[in-house]
Structure formats: C-alpha cells, structure tokens
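See below for the structure under consideration.
The values are calculated or read from the model by the stated rules, or taken from the named source; none is laboratory data. Predicted model, so just to flag it, every value in this text is computed and none were measured. For neighbour counting, all protein chains shown are included, and Cβ atoms are generated from backbone atoms with ideal geometry for every residue, glycine included. The area values use the complete protein model at the heavy-atom level, side chains included, leaving out ligands, DNA and RNA. Shrake-Rupley method; radii C 1.70, N 1.55, O 1.52, S 1.80 Å.
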Amino acid sequence: MTSTAHPHTAEEAAVPEAAADGLVLRGVSKVLGGKTIVDDLDLRVAKGELVCLLGPSGCGKTTTLRMVAGFLGPDAGAVTIEGRDVTGLPPERRPTAMVFQNYALWPHMSVFDNVAFPLRLRKLPKAQIRTQVEEVLELVGLTHHVRSRPARISGGEQQRVALARALVQRPQVLLLDEPLSNLDAKLRVRVREDIREIQQRLGITTVVVTHDQDEALSMSDRVAVMNSGRIEQYAAPAELYRTPATTFVGGFVGATNTLRGRLEGDAAEPVVVLSGSAGEVRLPMGSTNLHPAVSSAADDTLTVRPEDVVVTGLVGNADASAVVDRIIPRGHFTEVVLVVAGATLRAYVDADAAAVAQPRGQVRIGLRRVLVYRDGRLL
Ligand SMILES: Nc1ncnc2c1ncn2[C@@H]1O[C@H](COP(=O)(O)OP(=O)(O)OP(=O)(O)O)[C@@H](O)[C@H]1O
Ligand SMILES: [Mg+2]
C-alpha cells in the first residue's frame, strides 16, 4: 500500500489490524483516451476515517473518486465498501454520496428542497423526509435558511447545503471533490474545520480530493499523495511531513531545500558536506534517516526543511559557512535566502536569528535534520 520501505509506516501505527475497513480499493486501474490515468491503485480507508487524496492537477484524483462513487467503472481492480464488493453497482445503488466541486445545487429550489431531493428520488415517506432534512440542516447550521434559494446565501452556506444533501442520504462513504476551492482563504479554513467536526461527530468514512497540501494536512487522519495515477505515500500528516518517502512527496508537501552532497563523520559527530558550483562546505548536522551501516554516495539527493536550517552569528571569520542573499519577512517568521558553496538554501528563522542576518553578510549555519534520497526514494 504505502510505497516507502521505511520500517515504521504510518499505516501500521495509525490503524490497528482489527480496525474495520470502510473503503478498500484493490488494484484499481483506469485508461482514458488511451492513457493510463489510474494505475493499479491500492487504498484502504478505515471505518470512520477521513483520508485526503492529495496531488497535482491531472494526477487522477477525481477519476479515482468517480470510480468509488460508481460514475466510472474501473478497467481492472475492485472497490469494496464495508466488506461488500460494489465494483459492478451503479452510483444510485452504492452506499456513497458525493459533493461536487461546483456544489451542483438547483437554483430554482429552496435549500430544503435541494437537500430533500435525493430522498424524494427514493420515494421515502413525506414525514420521514422532513425529519431527516431538518436533522441534517440542524447539523450543518442552516435551519434559518430552509426557505432560501441557493443564490441568496453565501458561498460557505452553499457548500454546507451541498454537504447536507450528501449527508441526508446517510451514506457509508462520503466523497468530496475539492470541496473548498470556490471559497476565499479565510472561509476555506473555517469550512474545512466545520467539515472535519461534522465528519468526526458522525464517524463517517470520508475521502476528500484536494491539491492543497494545507487542507490535506489539517483535516485528515491520513493523506494519500498521488502522482501520475499512483499513490507515492500513504501516511498520517505528521509522518508525511517529517519523513517523505520520495523527493516528489517532500517537494509537494511543504517547502524543502533539495541539495547535493554527502554525509560524513561518525554517529557522535555527523557532518554533512554540501557541494555546489563554488566547491564544498562542511556543516554540523543533527539527525538523518540514514542507517549508520549505510553510507551516502556522492550523487545522492539531500533534503532539508527550511525550518531545520539553524542560522547563528559568527564567532570568528573562520566559522563563516553561508552568505545572506535576501531577507524576506513572512509574518510570524523570517525567510533568509542563503548561498552555501554556490547553492541556494532557504531558512525559516525567528526574530532572534533574523537579527544576526544582514544582506550580503556572513553567518554560520547548521542543519537540524537531513534526509538522504537515492533515485528519488528515501534511503
Ligand atoms: N473522459 C476522459 N477522456 C480522456 N482523458 C480524460 C478523461 N477524463 C479525465 N481525463 C484525463 O485524466 C487525467 C486525470 O484527470 P483527473 O480529473 O482525475 O485529475 P485530477 O487529479 O482530479 O486533477 P485536478 O486537480 O486538475 O482536478 C487528466 O489528464 C485528464 O485530462
Ligand atoms: Mg479533479
């Protein structure tokens, strides 16, 4: 499932073996227009879990979600929901409900009628429809807009109507495709917190598609990072950020410095030797993923998060290891762009560290945590 060779995958850590499966995709593939869009994809979502499919535009996220909902049939593989194989079922016979990116609300219907629509399709008794719709409107905080038309309510409220229309069907799996992309930045944060809160309260198995890493990290139990129709890594947000399994994941999730160099020294005093166009620089280093028995090679890739670059003032001139190129205020931290051995290194530092950095001046640096990749994979 996860493609990392790391011994402690988040999957093992986060989900006990006995946890019931909410949704399982096994070897799912889809070819569209002669191109493999989803490529032998495996994904296991525990019951009640919220998982984000995160990846760049065109990597196959929506296609994957549509195969779970049944709008698209896979060319190979199977989709199972709470132990039941639904691969051959049409959307209306699957225990899924989907919230589309543009909400797809009916403009001529009231909020109540929009939410009631899927239940009327199923010809449920009128009284039951009323009870279920009122319950779910209460849940999403829209009781005061029962009679409003979608055009008369805000974007965030329209989003909640779309969510209510999905939840009223009491699906076993809730699917959301870029649910926040039509909202402004402030509202996006609030609505994603609302969605997470409601999802946890109901304990509903949920898959959210997004290309926004912030969204994925902040609302998920686990994140599946997709690239070209495959999952590169499937892990809890903290693990994904701290130990990206591939250089692609490291570059896509959070900012990172990608450098050339090698590790030297012993366990007591590890040193990283960075090489750039202006030669080599030896820097003190904190921790690394590299096992002591494995040595790094000259053409390995090293990555360092900007917050793991420690900037300090000079004690003597011999300590100088970097030149300050630019200082960029970023609000609650300062970004210092450094040049080390001719290579660019970005550091995120606090006000104290920023005070020792002057444009064109020299500083000392150390690297708190360095990850070593070979052929794009974590060693
Ligand atoms: N019906 C189709 N015929 C041919 N190609 C298609 C079809 N539907 C999707 N594709 C292609 O499949 C690829 C993946 O599409 P998909 O919509 O799954 O991407 P996505 O990850 O959701 O991207 P985005 O973040 O832009 O929404 C795209 O290159 C798209 O052009
Ligand atoms: Mg999409």
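Within the range 52-77, restricting attention to residues that are touching a strand residue (DSSP E or B) at 6+ places or on another chain (Cβ under 6 Å) and more than 16 Å from ligand 2 (Cβ to nearest atom), the residue that is nearest to Leu25 (Cα to Cα) is Gly77.
Of all residues in the range 178-190, those that are assigned by TED's automatic domain parsing to the domain that holds Ala104 have Cβ atoms under 8 Å from Cβ atoms of residues that are open to solvent by 70 Å² or more (accessible area, probe 1.4 Å) and within 13 Å of ligand 1 (Cβ to nearest atom), 6 or more apart or on another chain, in Glu178/Gln101; Glu178/His211; Pro179/Gln101; Ser181/Gln101; Asn182/Gln101; Asn182/Asn102.
Against the test of being more than 26 Å from Glu49 (Cα to Cα) and either more than 16 Å from ligand 1 (Cβ to nearest atom) or open to solvent by 60 Å² or more (accessible area, probe 1.4 Å) (or both), the options Gly141, Gly155 yield a single qualifying residue, Gly155. Scanning the range 78-96 for residues that are surrounded by 15 or more Cβ atoms within 10 Å (Cβ to Cβ), among the aliphatic types (A, V, I, L, M) and in contact with a strand residue (DSSP E or B) (Cβ under 7 Å, 6 or more places away or on another chain) gives Val79, Ile81, Val86.
Only residues that are more than 15 Å from the chain's Cα centre (by Cα), surrounded by fewer than 17 Cβ atoms within 10 Å (Cβ to Cβ) and not in a strand (DSSP E or B) were counted across the range 229-274, and they come to 5. Only residues that are buried (at least 18 other Cβ atoms within 10 Å of the Cβ), at pLDDT below 95 and not acidic (Asp, Glu): list them for the range 170-198, please. Residues satisfying the conditions are Pro179, Leu180, Leu183, Arg188, Val191, Arg192, Ile195, Ile198.
Can you find a residue in the range 184-198 that is among the small types (Gly, Ala, Ser), away from ligand 1 (no atom under 16 Å from the Cβ) and part of a helix (DSSP H, G or I)? Reasoning before the result, please.
Taking the range 184-198 and keeping what is among the small types (Gly, Ala, Ser), we get 185.
Cutting the leftovers down to away from ligand 1 (no atom under 16 Å from the Cβ) gives us 185.
From the residues that got through so far, the ones that are part of a helix (DSSP H, G or I) too are 185.
Yes, some residue in the range 184-198 is among the small types (Gly, Ala, Ser), away from ligand 1 (no atom under 16 Å from the Cβ) and part of a helix (DSSP H, G or I).
Within the range 97-110, the residues that satisfy the criterion of being within 16 Å of ligand 2 (Cβ to nearest atom), surrounded by 12 or more Cβ atoms within 10 Å (Cβ to Cβ) and of a type in the set (A, V, I, L, M, F, W, C) are Met98, Val99, Phe100.
Could you list, in sequence order, the residues of the range 41-62 that are within 11 Å of ligand 1 (Cβ to nearest atom) and open to solvent by less than 20 Å² (accessible area, probe 1.4 Å)? Correct list: Leu53, Leu54, Gly55, Cys59, Gly60, Lys61.
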